[in-house]
1. Please go through (1) farther than 30 Å from Arg164 by Cα; (2) in contact with a Ser or Thr (Cβ under 6 Å, 6 or more places away or on another chain) for Leu258 and return the number of the only condition it doesn't satisfy.
2. Could you figure out which of (1) more than 28 Å from Leu258 (Cα to Cα); (2) in contact with a Cys (Cβ under 8 Å, 6 or more places away or on another chain) isn't true of Leu163?
3. Taking the stated definitions as given, is Gly186 assigned by TED's automatic domain parsing to the domain that holds Glu246 and in contact with a Gly (Cβ under 7 Å, 6 or more places away or on another chain)?
4. Of these, Leu256, Leu285, which one is at pLDDT 95 or above, at negative phi and in contact with a Pro (Cβ under 6 Å, 6 or more places away or on another chain)?
5. With Glu359, Glu385 as the choices, which residue is farther than 30 Å from Glu283 by Cβ, out of contact with any Gly (no Cβ under 7 Å at 6 or more places or on another chain) and surrounded by fewer than 16 Cβ atoms within 10 Å (Cβ to Cβ)?
6. In this structure, does Ser435 turn out to be touching a strand residue (DSSP E or B) at 6+ places or on another chain (Cβ under 6 Å) and at pLDDT 95 or above?
7. Among the residues of segment 90-121, write down those that are of a type in the set (Gly, Ala, Ser) and closer than 20 Å to Leu27 by Cβ.
8. Kindly indicate whether Gly28 is among the small types (Gly, Ala, Ser), surrounded by 15 or more Cβ atoms within 10 Å (Cβ to Cβ) and touching a residue at least 12 places away in the same chain (Cβ under 8 Å).
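The values are calculated or read from the model by the stated rules, or taken from the named source; none is laboratory data. Since this is a predicted model, take the numbers as computed values, not measurements. A quick note on method: Cβ atoms are made from the backbone with ideal geometry, for glycine too, and the neighbour counts reach across all protein chains shown.
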Amino acid sequence: MRSQRKEKLSVISLGCSKNLVDTEVMLGILKEAGHEIIFNPDEAEILIINTCAFIKPAVNEAKMVINQELKKNKKVIVAGCLVARDKDKLLKEFPDLAYLVSPGEIYKIANILSSSQKIHLGVPRFIYSHHTPRFLTTLSSTAYVKIAEGCSNNCSYCLIPKLRGKYRSRKITSIIKEVENLAYLGVKEIILIAQDTTFYGTDIYGQGKLVDLLKELAKIDSIKWIRVMYAHPDHLTDEVISVIREEEKICPYLDLPLQHIEDSILKRMNRPISNLQIRALVEKLRTVIPELTLRTSLMVGFPGETQEDFKKLVDFVKEVEFDRLGVFKYSKEERTKAFSMPYQISEQVKEERFCHLMEVQQKISSQKLKNKIGKRLEVVIEKVEDKVTYARSKYDAPDIDGLVIIPEKINKLIKFIEVEIISSKEYDLIGRSIS
């Protein structure tokens, strides 16, 4: 038992920021149990691969990583959504895996490492709290905080409710205590995440509580930025919009996944919002919060999407000019309603539409960033390499948005600086430090 506790352990975290929090929870539990956590997977004796599996490309990526790591003569544990999606196929394809751990069982990870049972597949009920150990892997100034787990929206293309279970919120008091602990550790930027942040609290309080949560978080002195991701448009209220405008610590930034603009497609997606409602919501956001950076994600190639439907989507993007945009190709997934829908779109057409829409957005982004030249921004330093510093403003989320590139070496101990924007690229800004 003692020798096992001393085994060097590392992790590879795949997929979204919500999965990253699960990874950090597992690492925290294992560190508390006495395992040595190292950052280089190649030097580890035990490797946990926390997988994403909501679409086929994510499944393929996870399997590629598993295959690569099994060749390196170490104990490999697979956790996360791929286990929940298809444990039997996974074990048949990779019989040498040490353990398979579903998202609902990650809190048992320390005991699982000494278990004689290979598969650990529980009902997805677990959600971490401020008492749960957590080992941060992000920059010291930034941390993700998962305010809820699971999803109850049941979009017709999405597997998440089947993999992660129904929506379940954490208590406000638990979230506040976690953020206070993070602030004590030096974290300055809190990024709120869930499958649907705007639905927060409805399941346990009987009504949405995101506004109350944001107001309480804004009272924590040493927290500088609060960012809201994954805001479902159907649950975004006027009160939430107002608190984003009024609270100085809340970044004027909103991630608002819209998926499409054509009513017939939205209906088949089981997205209970219309073209007109989306347009009214975007107009309201831009009116109430003039400096808002608006990010959305859109899907191309959903079953039955005609060329005319796609043209409407392109025209909508040109009209609205989103500040940030992610485009996804529809992935036909078993166990979803959309899987058996007629008029499936070919991969070639999906790719063409994806490239077209990204080209449109690239031009929009390029022009919007040119308009930033000459302005001053406060930025948080992400990393320093050679004589270049990479930073990010409150208008950009980590990993998915652009950077402010500063062609000079800045002391890593400085977390926030002021820069003047001197030029721009398609998705990034170039700045010089002025503080």
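1. Of everything listed in (1) farther than 30 Å from Arg164 by Cα; (2) in contact with a Ser or Thr (Cβ under 6 Å, 6 or more places away or on another chain), Leu258 misses just condition (1).
2. Against the list (1) more than 28 Å from Leu258 (Cα to Cα); (2) in contact with a Cys (Cβ under 8 Å, 6 or more places away or on another chain), Leu163 comes up short only on (1).
3. On the way: assigned by TED's automatic domain parsing to the domain that holds Glu246: yes; in contact with a Gly (Cβ under 7 Å, 6 or more places away or on another chain): no.
Against the criterion (assigned by TED's automatic domain parsing to the domain that holds Glu246 and in contact with a Gly (Cβ under 7 Å, 6 or more places away or on another chain)), Gly186 does not qualify.
4. Numbers: Leu285 fails: in contact with a Pro (Cβ under 6 Å, 6 or more places away or on another chain).
Answer to the check: Leu256.
5. On the way: Glu359 fails: farther than 30 Å from Glu283 by Cβ.
Checking each option against the conditions leaves just Glu385.
6. Working: touching a strand residue (DSSP E or B) at 6+ places or on another chain (Cβ under 6 Å): yes; at pLDDT 95 or above: no.
No: the conditions fail for Ser435.
7. Going through segment 90-121, the residues of a type in the set (Gly, Ala, Ser) turn out to be 98, 102, 104, 110, 114-116.
Answer for segment 90-121, where residues must be of a type in the set (Gly, Ala, Ser) and closer than 20 Å to Leu27 by Cβ: Ala98, Ser102, Gly104, Ala110, Ser114, Ser115.
8. Working: among the small types (Gly, Ala, Ser): yes; surrounded by 15 or more Cβ atoms within 10 Å (Cβ to Cβ): yes; touching a residue at least 12 places away in the same chain (Cβ under 8 Å): yes.
Yes: the conditions hold for Gly28.
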